[in-house]
Amino acid sequence: DYVVVKMIPDNRLPPRHLHAVRTGKTFAVIKWESPYDSPDQDMLYAVAVKDLVRKTDKIYKVKSRNSTVEYTIKKLEPGGKYHVIVQLGNMSKESSMKINTVPLSAPDALKIITENDHILLFWKSLALKESNFNESRGYEIHMFDSLMNITAYLGNTTENFFKVSNLKIGHNYSFTVQARCLYGGQMCGEPATLLYDELGTGKDSSATDPGRATDVAAIVVPVLFLLLVTLGIGFVVLYMRHRRLQNSFTAFANSHYSSRLGSAIFSSGDDLGDEDDEAPMITGFSDDVPMVIA
């Protein structure tokens, strides 16, 4: 025996399994399930978004009959903090969560140029890759002294460079540049960090910057390639000269080789006459042959 029981839907229950699917710089995709399975009619949800930084609220209405509902919250700010509340339109029990949007990325190509009594920080404009960034917002610069273990706020600028003075010889510094923080330092961009090592001279810097390493590699690699090419050409020239000299000597030796004697004969050519090679060689004089001296 069995009996079928149909539960009466309770519209006072909260939405289930509220969570964030994906977050970006200016949006967040959230997802939840209906208070009970297989709704037989459209359900009206109220999505309240509270900006924890600006202290403002926005309410959106979402109507759906699906058991699983997905909704995209738009017009958020990069690096913002929000409290999201979802409940049925009849103000039933609620489900809530907190989300943080993705902050603005760090400036690219942060570099240091050393001057006589100061240094200059340079970087690329963040507006080149961030459509949500306005140059009027500007950048802020921080410095960390590893020897003193102190972090200092140096200031902000709307330019793409910043002058830093009064550095102490022998100290190591770390500089960070990021999109200026808004609303009491709660909405900041990602920082770009660069190390500066005085090395006791106050003139040289050692920065852990990928752009700088790339610049050095772009100079060193072509120079090494040219050196290798030059050495290769030099070896080829020496080898060709050696082969030419060897061939010349071989040809010269072969032209003076005597098959009868089995050896090569060399002479200056001036003391050789037209006598036949078969003429006997004079080795001495007989005692009975008078010698006449003119």
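Below are the figures for this structure:
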quantity	calculated
Region 108-132: number of residues that are within 22 Å of the chain's Cα centre (by Cα) and under 22 Å from F27 (Cα atoms)	6
Close pairs (7 angstrom Cβ cut-off, 6 or more residues apart or separate chains): farther than 18 Å from D37 by Cβ in region 62-83, of a type in the set (G, A, S) and assigned to a strand (DSSP E or B) anywhere	I73/A28; L76/A28; H83/S96
Qualifying residues in region 1-18 (those that are at pLDDT 85 or above and either under 16 Å from S67 (Cα atoms) or in the same structural domain as S38 (by the TED database) (or both)) - the one farthest from the chain's Cα centre (by Cα)	L13
Qualifying position, being in a helix (DSSP H, G or I) and modelled with pLDDT under 80, among V223, V229, V236, V216	V216
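Residues are listed down the side, and each one gets a yes or a no for (1) under 25 Å from S131 (Cβ atoms); (2) at pLDDT below 90; (3) open to solvent by less than 40 Å² (accessible area, probe 1.4 Å); (4) outside the structural domain of A127 (by the TED database):
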residue: F162; (1), (2), (3), (4): yes, no, yes, no
residue: S174; (1), (2), (3), (4): no, no, yes, no
residue: A179; (1), (2), (3), (4): yes, no, yes, no
residue: Y183; (1), (2), (3), (4): yes, yes, no, no
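Yes/no matrix, rows are residues, columns are (1) of a type outside the set (F, W, Y); (2) in contact with a strand residue (DSSP E or B) (Cβ under 9 Å, 6 or more places away or on another chain); (3) more than 25 Å from K81 (Cβ to Cβ); (4) surrounded by fewer than 12 Cβ atoms within 10 Å (Cβ to Cβ):
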| position | (1), (2), (3), (4) |
| --- | --- |
| L110 | yes, yes, yes, no |
| T114 | yes, yes, yes, no |
| F122 | no, yes, yes, no |
| I150 | yes, yes, yes, yes |
| T158 | yes, yes, yes, yes |
| Q186 | yes, yes, no, no |
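The values are calculated or read from the model by the stated rules, or taken from the named source; none is laboratory data. Because the structure is a prediction, the values reported are computed rather than measured. When we count neighbours, we look across all protein chains shown, and the Cβ atoms used for this are built from the backbone with ideal geometry, even at glycine. Please note that ligands, DNA and RNA were not included when accessible areas were found on the heavy atoms of the full protein model with its side chains. Shrake-Rupley method; radii C 1.70, N 1.55, O 1.52, S 1.80 Å.
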